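Report on the structure given below.
The values are calculated or read from the model by the stated rules, or taken from the named source; none is laboratory data. Since the model is a prediction, treat every value here as computed from it, not as a measurement. Cβ atoms come from the backbone with ideal geometry, glycine included; neighbour counts cover every protein chain shown. Ligands, DNA and RNA are stripped out before the accessible areas are found, and what is left, the full protein with its side chains, is counted by its heavy atoms. Shrake-Rupley method; radii C 1.70, N 1.55, O 1.52, S 1.80 Å.
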Amino acid sequence: MNCDQLREHYELYALGIAEEPERGEIRIHLNRGCEVCGAGVKRALETTALVGATAPPAQPSPQLRRRILASVGSERKTLWWIPVWAVGLATIVLLMILNGSLSSTSARRAREAAQLREQMSVQTAEIARLSEAFAILSGPSTTEASFGGQQPRPPHGKVFVNPSRGVLLIASNLPRTPADKIYEMWIIPKGAKPVPAGLFQSQDDGNAMHVRPGTVDLASTAAVAVTVENQAGADQPTTTPLIVAALAR
């Protein structure tokens, strides 16, 4: 397989989930010193690390942990000898409790189902966002530009622009905005007004990733910028950009 055929599998290889025969072919290319595949995999590894840093950590709930431990027998159970009359009494009490708690159990299960659907919706959206990001990164016509000012600890990172896929921004050291503010990205054409390119917020650790899918006229685009705006966003920038990534002419 040639490098063009393997290009779309670099990210999967970096994540360790590429399948055969692509995984073996990429390894062969790397072992023989292929510059194209070497650069592609290196870029995928760097980007995977940055993208992974933007994902909020997920912790299992204590209830889920107890259920998992119980299912594999990690929670010890002690058996005691119980008189027959006590078993009968306990059965009667249990039936009374169950009879009075069926409605509350149904309500609890309904709430759990709603929470699960919400979590699945969030995860589906995150997977779609990462897929769009990797599509931009792996595109053969993608252009990248770095940003980062001279002041102490400025926001820094990269912008990736693909004419047919869209714009991807990956930033570090970008503090969260106040509660009534939000970051807004702009595509700045040459000699024309900035075009809004979506709202986003950074993580608590200062990392951020924002994707604006869609076509971009790369030849007429001068830069990609980020400003702080009101929560609803703006039609045109109202503050001085704190990020400006100028594209190569």
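Worth pointing out:
- Selection from Ala246, Ser172, Met185, by position along the positive dipole direction of the stretch 143-246 (Cβ): Ala246
- Ellipsoid equivalent to the stretch 143-246 - semi-axes via the Cα gyration tensor, in Å: 20, 16, 13
- Arg27-Thr177 FRET efficiency (beta carbon distance; Förster radius 45 Å; 0.05 resolution): 0.55
- Counting only protein heavy atoms and a 1.4 Å probe, the stretch 143-246 has 48 square angstrom of accessible area per residue.
- Quick note on the stretch 147-208: its Rg to Rh ratio, both from C-alpha atoms and Rh being the Kirkwood radius, is 0.99.
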